[in-house]
Amino acid sequence: MKKRILPLDPDDFEQVKEIMIKEWGSDYVIVHGDIIHPAELPGYKIMDGKTLVGLITCAVRGQQCEIVTLNSFREAEGIGETLLKTVETYALSQQCTTCMLVTTNNNLNALGFYQRRGYYIAEVKPGAVDESRKVKMSIPLIDENGIPIRDEITLIKQIG
């Protein structure tokens with residue numbers, strides 16, 4: 001069956017919320033000190049038949065589109081890249097000139113993934129995750145890969 005890329009709609013709210021809890025530990029994320037509820041944001045999903053295989057959420061602020069979450073539930077099928085390109089196209093339609101995202105120092109796969117697709121490290125905020133942990137105590141101290149989770153890393157791509 002062919003995969004379909006669809007915009008998120010209000011009927012997806014509960015499913016997105018459940019995914020955020022499962023994948024991110026709660027229905028919200030903390031980025032640059034702000035609490036963000038991804039289920040309330042615009043975004044896209046990839047469906048393979050009736051199976052959700054990928055999800056991305058974003059927020060447009062002025063001429064910048066921030067990618068808030070990206071989840072691919074199957075490896076090596078191009079799902080993450082397809083969602084990323086879809087949001088970049090959406091951002092251009094909203095007159096954005098840049099896409100950006102924040103990840104953490106321990107997320108080596110994400111750092112490589114985004115840099116291979118034209119994103120560059122624009123800022124590192126040492127200790128930012130330690131501050132976020134004061135609000136969201138469920139953020140682990142150490143990742144499964146053994147790296148302490150401490151810093152926020154902002155990546156940016158010029159799109160327009």
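The values are calculated or read from the model by the stated rules, or taken from the named source; none is laboratory data. What you see is a predicted model, and the numbers here were worked out from it, not measured in a lab. Glycine gets a Cβ as well: all are built from the backbone with ideal geometry, and neighbour counts include every protein chain shown.
Specify the residue that is nearest to D48 (Cα to Cα); the eligible residues are those in the stretch 70-103 that are at pLDDT below 95 and among the polar types (S, T, N, Q). For the stretch 70-103, the residue satisfying everything is S72. Taking each residue of the stretch 33-46 that is farther than 15 Å from R61 by Cβ and looking for partners that are of a type in the set (D, E) and assigned to a loop (DSSP other than H, G, I, E, B) with beta-carbon atoms closer than 7 Å, six or more apart or interchain, yields H37/D27; A39/D27. Selection within the stretch 26-62: residues that are exposed (fewer than 14 other Cβ atoms within 10 Å of the Cβ) and small (G, A, S). The member of this set that is modelled with the lowest pLDDT is G33. Only one of the listed residues (I67, I79) is under 20 Å from R116 (Cβ atoms) and within 11 Å of the chain's Cα centre (by Cα). That residue is I67.
Cβ separations smaller than 8 Å between residues 6+ apart or across chains give the following pairs from the stretch 13-30 residues that are in contact (Cβ under 8 Å) with a residue 12 or more places away in the chain and within 15 Å of I139 (Cβ to Cβ) to residues that are surrounded by fewer than 17 Cβ atoms within 10 Å (Cβ to Cβ) and acidic (D, E): M20/D27.
Here T86 passes the criteria (1) buried (at least 18 other Cβ atoms within 10 Å of the Cβ); (2) of a type in the set (V, I, T); (3) assigned to a strand (DSSP E or B) except the one numbered (3). The C-beta contact set for the stretch 74-103 (first residue closer than 21 Å to H32 by Cβ, second residue polar (S, T, N, Q) and exposed (fewer than 15 other Cβ atoms within 10 Å of the Cβ), distance under 6 angstrom, 6+ apart or interchain) comprises C96/Q63; T97/Q63; T98/Q158.
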